[in-house]
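Everything on this sheet refers to the single structure shown next.
The values are calculated or read from the model by the stated rules, or taken from the named source; none is laboratory data. Everything quoted here is computed from the prediction, not taken from an experiment. Cβ coordinates were reconstructed from backbone atoms using ideal geometry, including for glycine residues, and neighbour counts include every protein chain displayed. In case anyone asks, the SASA skips ligands and DNA or RNA and just uses the protein heavy atoms, side chains included. Shrake-Rupley method; radii C 1.70, N 1.55, O 1.52, S 1.80 Å.
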Amino acid sequence: MRFAPVRNGGIAALMLATALQLSPRVATAQQGGLPNQPVLAPRVPLRPATTPPGGDTIGYWQQRADYQMVATLDEKLGVLTATGTLRYVNRSPDVLRDLWVHQHLNAFRPGSKWSAADEREGRLRFQELRDPDYAYERFTTPPRVNGQPVAVEYPLAPDSSVVRLALPTPLASGDSISVDFSWTARPSTVPRRQGRRGRSFDFSQWYPKVAVYDRDGWKPNALVPAGEFYGEFGAFDVTLVVPTDQTVGATGVPVSGDPGYARVMALGSERPRLAAQAYRDVPPSPSVRVPTGYKAVRFIARNVHHFAWSTSPGYRYEGTSYVRAPSQLYRFPIWDTVSVHVLYRADAADDCGRTSLNEAAEKACIDRSLTQWQGGKALAQTRTALRWLEALYGDYPFPQITVVKRIDVGGTEFPMLLMNGEASVGLTVHELGHVYSYGILANNEWQNGWMDEGLSSYQELLQAGDARVLLAARLELAGERNPAQPSDQALRRLRARLDSMSDQQAATVREGTAEPIGTRADLFRSFAVYNASVYDRGQAMYQALHDVLGEETFQRFLREYYAMWQFRHVDRWAMQSVAERISEQKLGWFFDQWVHQAGIIDYALRAPVVRREQVGGRSQWVVTAQLTRVGRYRHPMPVAVRTVGGWTVRRADPLKDTQMMQFRLNEAPEVLWLDPYGSTESPTARFYRLVLPSR
């Protein structure tokens with residue numbers, strides 16, 4: 001997710017060759033806790049939350065949640081009226097006595113924990129909204145579990161985004177239940193990850209979403225600005241009843257009804273091969289009442305943990321087909337054709353209408369916005385992102401991807417759907433990267449936001465050619481004698497920018513404002529610190545891991561991680577175990593420091609000595625120096641000596657705090673340099689002019 005538009009980075013070649021916290025465990029009266037009150041789990045977990053103790057998928061389990069829903073939009077009221085059935089399968093070894101459900105839309109209203117966080121940090125968004133401007137999600141009848149009505153409890157009241165349903169009978173391991181819901185949902189007029197404006201609606205959150213139950217129990221966290229989502233995989237069968245002139249973009253494949261693409265297709269756009277044939281065994285359509293002037297559009301989505309959609313009569317449509325041969329066999333089907341859909345509004349002022357502009361200025365603003373999207377630009381960016389991410393992780397496993405221009409700025413990812421406020425390569429790469437890391441590799445964003453936000457931020461840097469490993473490779477290839485001030489101006493600007501970023505992060509550590517990236521989202525001291533941690537410091541962690549593993553091993557790690565854990569819940573141990581197996585080294589020290597601690601990579605070279613020795617009748621130069629760790633983070637620090645013939649680089653042992661670095665050279669040494677190519681996040685580059693011994 002991006003909270004503000006990101007710059008449009010250039011396209012590089014496809015690469016050169018908490019304190020860990022548990023989410024709240026909910027204890028019921030039968031388990032010994034206070035009735036219906038969430039109980040915080042220990043600050044340090046005794047075992048992984050999702051990964052089996054062996055670090056493999058053997059013994060792994062996850063619940064299954066299948067939804068069938070029908071929803072009708074009343075544009076005048078801005079309200080969705082819906083019914084649906086959740087089929088929930090208990091694949092855990094535990095007996096469940098309650099079911100926890102999210103009503104995330106209730107975060108965007110007064111009295112919610114989200115509004116409390118905004119108030120505490122000085123932001124005014126939803127606290128003072130009045131009817132009909134605030135969002136809500138309300139049950140219209142009591143939910144029914146296997147046909148039996150159950151009471152709705154809100155343990156975090158006045159926040160109503162978390163629901164507890166006491167099950168009429170315990171749900172044994174291997175058994176399933178059907179839960180029938182009837183509800184209404186209304187987005188807020190203040191957009192934030194959802195929203196409505198005029199006849200345009202972004203329904204990112206809109207239905208009762210079952211909470212995750214994993215090895216650590218239920219995860220019924222309230223939605224707040226810091227942190228996002230965690231979901232159970234399943235299949236969605238969703239029928240949307242909307243006015244006939246609405247155009248709909250959604251998670252999933254439209255299998256019946258008209259989403260409206262043909263009517264609003266831009267001139268020159270091709271009609272992609274609609275992926276309706278991707279799901280051949282679709283059950284019969286549910287019985288749906290369609291009022292006059294409305295249409296019913298049915299979407300099917302499989303192997304997803306969320307369903308989002310957006311609709312507007314002002315959308316323009318552009319589409320294309322992304323065709324390639326699957327590169328390998330996976331546990332799930334891969335289609336050779338992916339439908340690519342782009343929907344952008346040409347009638348709404350959107351962000352242009354949020355400021356006081358005269359009519360001419362507002363029109364110019366809208367025209368600039370349209371220029372980003374139309375004429376195949378957004379389509380080309382999406383295809384670029386797909387090619388890049390497939391090269392990085394592996395084959396895209398869904399039959400379609402839809403990108404819509406949302407009401408809000410920034411961007412948010414959902415399975416098969418991106419809601420973006422602007423069209424740029426950087427934002428598209430970042431959000432589509434989340435379809436892989438979070439949508440397919442499904443971490444708990446509330447508990448471990450660094451796993452997807454940090455990783456997607458880093459792969460965005462890689463795609464733009466702005467990562468340190470790429471800088472170091474280019475500097476080495478250029479043979480620069482002073483790599484801190486390269487002669488190539490583009491490399492000089494990139495190095496200066498990356499060094500400045502490292503210096504800024506080091507400053508937050510020195511000032512005591514940095515927090516460990518593994519901190520639970522709601523426990524960061526502020527939303528700003530959360531962002532700086534899971535995005536910036538998370539990105540720095542993957543940059544360091546890339547340097548530790550090396551180029552080829554890092555690429556193998558990402559592809560194996562994806563192949564092994566796709567459509568499963570992942571945590572730090574899943575990632576670490578794959579990295580250790582691929583690299584054939586223990587990496588607990590690396591993940592412990594980056595996830596548990598706030599620190600920097602910083603080393604010092606001391607007491608350099610140069611001497612000459614005769615070896616086998618030949619004279620050699622021997623350079624020795626003491627390398628000492630002075631920062632909190634360990635790293636296999638590169639140390640180099642420059643001679644007239646070029647650079648000789650050695651890597652230090654990251655597990656030694658003090659060690660002697662030695663170089664045997666056939667040419668006279670000139671300079672001893674700590675990390676000359678800037679491949680690490682060390683805040684400063686240090687070099688030492690060497691004094692040669694007299695003859």
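Values computed for the structure shown
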item: Extension gain from Val630 to Thr169, taking 0.36 nm per residue of separation minus the Cα-Cα distance; result: 160.1 nm
item: Euclidean distance between Cα centres, the range 576-618 to the range 390-459, Å; result: 33 Å
item: Amide H within-cut-off set for Gln400, under 5 Å, with H built and near neighbours excluded; result: Ser339
item: Helical mean residue ellipticity (222 nm; -39500 (n - 2.57) per DSSP H run of 4+; nearest 500) of the chain; result: -6500 deg cm²/dmol
item: Estimated inter-spin distance, Thr141 and Gln485, nm [label 7 Å along Cα→Cβ]; result: 7.8 nm
item: FRET E, pair Thr658, Asp94, Förster distance 60 Å, beta-carbon r, rounded to 0.05; result: 0.75
item: Shape call, the chain: gyration tensor on alpha carbons, a/c limit 1.5; result: prolate
item: Model label zone, Gln614; criterion: amide N under 19 Å from point 7 Å along Cα-to-beta-carbon; scope the range 651-672; result: 665-668
item: Test item: Cα-centred dipole of the range 574-672, Lys/Arg +1 and Asp/Glu -1 on Cβ, debye; result: 200 debye
item: Highest-first arrangement of 384-393, 617-626, where packing means the average Cβ count within 10 Å; result: 384-393, 617-626
item: Rounded accessible area per residue of the range 168-304, 1.4 Å, Å²; result: 33 Å²
item: Estimated vicinal HN-Hα couplings, Hz - the range 631-637 in sequence order (Karplus 6.51, -1.76, 1.60; Gly, Pro = x); result: x, 6, 8, 7, 6, x, 5
item: Which of Leu167, Gly78, Met661, positive extreme of dipole for the chain (C-beta unit charges); result: Met661
item: Near-label residues of the range 428-444 by backbone N, under 11 Å of a point 7 Å along Cα→Cβ of Tyr60; result: 441-443
item: Computed lengthening from Arg581 to Leu523, 0.36 nm per intervening residue step minus Cα-Cα distance; result: 17.6 nm
item: 14 Å beta-carbon shell around Phe203, net charge (K/R +1, D/E -1); result: +3
item: Accessible surface of the chain [probe 1.4 Å, protein heavy atoms]: carbon and sulfur percent; result: 51 percent
item: In the chain, lysine pairs with alpha-carbon atoms under 17 angstrom apart (chain gap of 8 or more, or interchain); result: 5
item: Signed unit charges on C-beta, dipole axis of the chain, positive-most listed residue Val342, Gly268, Gly616; result: Gly616
item: Pairwise centroid distance, computed over Cα atoms, of the range 302-342 with the range 199-272, Å; result: 13 Å
item: Total charge dipole magnitude, the chain, about the Cα centre, Cβ charges on Lys, Arg, Asp, Glu only, Debye to nearest 20; result: 900 debye
item: Computed lengthening from Gln328 to Ala380, 0.36 nm per intervening residue step minus Cα-Cα distance; result: 16.2 nm
item: Ordering of 666-677, 236-247, 648-659, 136-147 by packing [mean C-beta count within 10 Å, highest first]; result: 236-247, 666-677, 136-147, 648-659
item: Whole-number accessible area per residue in Å² for the range 448-590, which is evaluated in the context of all protein chains at 1.4 Å; result: 34 Å²
item: Two-site label geometry, Gln148 and Asn666: point separation in nm, points 7 Å out along Cα→Cβ; result: 8.4 nm
item: Ranked packing of 573-582, 369-378, 261-270, most packed first, by mean Cβ within 10 Å; result: 573-582, 369-378, 261-270
item: Charge dipole (debye, nearest 20) of the range 365-490; +1 at Cβ of Lys and Arg, -1 at Cβ of Asp and Glu; result: 320 debye
item: Selected from Ser369, Ala301, Pro284, residue furthest toward positive end of dipole (the range 244-403; charges at beta carbon); result: Pro284
